[in-house]
């Protein structure tokens with residue numbers, strides 16, 4: 001069996017910059033699921049996340065020449081995905097605000113669903129649906145920092161590079177996001193009881 | 001340590017980044033305050049649960065759809081020739097700066113070119129010139145009359161060359 005040479009992300013990107021489309025395909029395969037999970041936490045919908053993911057890879061395809069090998073490829077691609085997600089969120093927020101202002105009070109839909117049977121103890125595992133809901137309620141900078149750290153399990157340094165925010169700010173954002181999230185989750189569980 | 005500091009340091013404690021001293025005071029506060037202990041257990045559970053969230057994966061035809069879309073999409077961000085970088089400069093900027101430098105050069109050359117410009121050559125009338133030309137010089141008796149008639153420039157040129165009533169050249173410079 002022939003040994004398959006494993007190229008680094010940077011090498012693949014350089015090959016792709018020189019016109020090798022197989023290298024692009026390999027990069028897509030390497031990052032599609034990681035990025036999907038990252039984007040999914042922004043929107044809570046797989047279909048929406050796939051659309052943004054597709055856009056991310058299309059941007060990678062056409063903007064390949066903008067990549068400089070001095071930076072990590074993973075940081076670069078995460079930055080693209082994060083920026084596209086933020087832009088989409090902003091668009092939706094605008095749309096939502098205009099729709100809400102058009103609706104009457106009686107027509108407003110409140111999408112808060114609770115599971116029927118739950119363990120109310122605070123130090124048990126939180127329900128996935130609740131966590132996703134609470135994450136989506138966070139402000140975008142806190143959400144990005146939390147997802148990258150606690151779900152994607154990236155280092156503080158990588159997160160700082162992706163978000164282009166100083167390391168100290170990132171640490172504080174992650175801590176604040178965690179405090180806010182646990183507060184929200186605690187409230188949800190308390191209300192249920 | 002108070003509750004505010006405790007909140008600020010929860011993550012550092014969970015990631016084992018506190019100094020021994022801070023760790024001890026953190027643990028002291030954790031035992032002493034019920035509210036802080038709830039926050040601590042809440043954050044700990046959250047981190048634990050987040051790591052165990054279900055992973056989603058792309059649909060089976062994701063790659064196929066992606067390549068179809070890439071083929072359909074004409075490069076919207078294609079870098080045009082005039083936007084490309086050549087040794088750190090863009091052609092449109094090189095052209096622009098070349099033209100503006102030429103214009104500046106042209107303006108400077110025109111400003112300092114003496115051949116075509118009309119320069120009024122004013123020669124100061126000194127005593128020798130006046131005497132050579134044998135022109136009659138005005139006669140004034142005092143400085144105030146002179147000052148009221150001639151402006152400062154003219155004054156500079158001729159005030160040294162007036163004749164007094166006896167026909168002698170007198171320097172009226174104050």
Quiz item: Could you count how many residues in region A:133-154 are surrounded by fewer than 17 Cβ atoms within 10 Å (Cβ to Cβ) and either in a helix (DSSP H, G or I) or at positive phi (or both)?
Solution: 5
Quiz item: What single numbered condition from (1) free of Cβ contacts under 8 Å to residues at least 24 places away in the same chain; (2) outside any loop (DSSP other than H, G, I, E, B); (3) crowded, with 17+ Cβ neighbours inside 10 Å; (4) over 49 Å from the mean Cα position of the chain (by Cα) fails to hold for residue B:53?
Solution: (2)
Quiz item: Within region A:37-46, can one find any residue that is away from chain B (no Cβ under 12 Å) and closer than 30 Å to residue A:91 by Cα?
Solution: yes
Quiz item: Just to be sure, is residue A:83 at the interface with chain B (Cβ under 10 Å from one of its Cβ atoms) and at pLDDT 90 or above?
Solution: no
Self-check item: Residues of region B:6-30 satisfying the condition of being in contact (Cβ under 8 Å) with a residue 12 or more places away in the chain, under 19 Å from residue B:42 (Cβ atoms) and more than 11 Å from chain A (Cβ to nearest Cβ)
Solution: B:26, B:29, B:30
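Please go through region A:26-36 and give me each residue that is under 12 Å from the mean Cα position of the chain (by Cα) and either farther than 19 Å from residue A:148 by Cβ or more than 7 Å from every other protein chain (Cβ to nearest Cβ) (or both), ordered by number. Outline the logic, then answer.
Taking region A:26-36 and keeping what is under 12 Å from the mean Cα position of the chain (by Cα), we get A:33-36.
Once the filter is applied, which keeps residues that are under 12 Å from the mean Cα position of the chain (by Cα) and either farther than 19 Å from residue A:148 by Cβ or more than 7 Å from every other protein chain (Cβ to nearest Cβ) (or both), region A:26-36 yields A:34, A:35.
The values are calculated or read from the model by the stated rules, or taken from the named source; none is laboratory data. Since the structure is predicted, the reported quantities are computational estimates derived from the model, not experimental observations. Heads up, the Cβs are rebuilt from the backbone with ideal geometry, glycines too, and the neighbour counts pull from every protein chain shown.
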